[in-house]
Amino acid sequence: MASGLADAIRSIVQDRGISEDLVKKTIEDFLLAAYKKKFGQCDNAVVRFDEEGEEVALFASKQIVEDVYDEVTEIALEEALELNEECELGDELLIEINPLEFDRVAVQSAKQKAKQTLRDIQKDTLYSEFQEKVGEMIIGYYQRERNGNIFVDLGRVEGILPKRYQSPREIYRPNDRIKALIYEVNKTTSGLQIVLSRTHTDFVRRIFELEVPEVYDKTVEIFKIVREPGYRTKLAVYSNREDVDPVGACVGMKGVRIQAIVRELEGEKIDILKFDNNPRDFIKNALSPADVDTVVILDEAKRQALAVVDENQLSLAIGKQGLNVRLANRLVDWNIDVKTVSQFEEMDIAAESKKAMEALFSDVEEEEEITSIAELPDIPEHIVSVLKENNIELIEELINLSSEEMAEISGLNSNDVETITAIINDNVDIIEEEEENDDTEDFFESEEDESYECPECGHPITVDMATCPNCGVGLSFEISEEEE
């Protein structure tokens, strides 16, 4: 074989990214295919490379016999002795075959098979290589454009940047440097297809990892990114260290980092905001750059919220064609409605969910009614214990006691009584029950106050007396119809 074989192998390895072993295997298959085309089978064919890989030889293994029945696999003893004087019957003898003796058809057939094998190996090798890089950033150069799709030179392979994955702001020219995300890697009949993208959110994430070291080393993490390619991007970030400001780290000193990212995105607006577990605060941040006064949770189950802003902040909060609030909705995963203060005051609150108003004043906790003496604020423990020993545990039982009755309780002194009285006055609202019907009460009062004379001794008596206290005579009273 030609001595330039090693150089050819190295060239294939470098140009096509195929390993040297696979290239040698392809050459071996090429020779075996040519051998089979000439002799009808290749079971006895042997291919050997020298140690330096500069030479390759093809041999036919033949058995030494007295009578030859198959010239492809057998050789007569007389012929074998001419090649090797030490051979004997039954030995295997390797006879070198010169590939130049193969006919043109056999060589051409083997050559086509070798080319196809090399293409398949290259395709598999590149597929495995780029499949592992899906989601990573890659840099290529503008090569050509067809039907809006841009073909990008990536070195050993060509990538495609479809029109739907191009930002509407960007214009490309021949030999322009293009930084893109490897979005898909597909095998096709025409070769390997590497689909690139500059519109997906992961593209923005990779740019931040390149420009912001804190994002790359996970000191600052990106919670979520939403994007309208070419117009605006919102991303929520949080820090894993208290001494690192996540927003400041992404912006950089004097905005150097964010300016580099904006330039890469061809001037696309970027809002960096702090992630918050509290949905109200997160919604406020998500509507940046607008200042939000209040966020009302209308329906937590349906994730509906109302953001109240000043009149001069309304257009900023909504954004051009509703872009800002639409991106905020996707970022926080809530349905946000934006109203001005006056619009909010004019709303029919009765028609709103009761939870909306509770959420509006959620920072003012409702006071729960207490019934136990132990729940009274600042009540000393020894007083609670003494009252409990005397079977007084409820506030209602305590307020029914006078100061004198409290003083008579064993274990309480005058200071304790004053303390109890002060705590009750400060924390307990006593609501008196409505008096009974005045007419009924007056009737019974008049009946009780009315007096009579004993029919026997004339001693004053009342209707509730069964006997006269003076003479002991039994009494009975009859009510006339007029009195009824």
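What to note about this one:
- Straight-distance candidates among the lysines for linking to K113, with alpha-carbon spacing under 29 Å and chain neighbours fewer than 8 residues away dropped: K24, K25, K36, K37, K38, K62, K123, K187.
- P(r) tail for the range 284-337: Cα pairs beyond 19 Å make up 17% of the total.
- Lysines with Cα under 23 Å of K284, excluding same-chain neighbours fewer than 8 positions away: K224, K234, K269, K274, K302, K320, K339, K354, K355
- Enclosing the Cα atoms of the range 74-206 in their convex hull gives a volume equal to 195 cubic angstrom per residue.
- Label point 7 Å beyond Cα of R177 along Cβ direction - residues of the range 252-272 with amide nitrogen under 16 Å: 260-266
- Order by protection proxy (mean Cβ within 10 Å, highest first), peptides 69-82, 300-313: 300-313, 69-82
- Spacing of the two label points (7 Å from each Cα toward its C-beta) at S342 and Y69, in nm: 11.1 nm
- With each label modelled as a point 7 angstrom along the Cα→C-beta vector, the I139-E55 pair spans 4.7 nm.
- Sites S190 and N98 - FRET efficiency at Förster radius 35 Å, r taken between beta-carbons, to 0.05: 0.40
- Remark: spin-label model distance N147-D245 equals 5.1 nm, labels positioned 7 Å along the Cα→Cβ axis.
Quick note: the coordinates plus some simple rules give every number you see, no bench work behind them. Treat the numbers as computed from the prediction; the structure is a model and nothing was measured. Note that each Cβ is placed from the backbone with ideal geometry, even for glycine, and that neighbours are counted across all protein chains shown.
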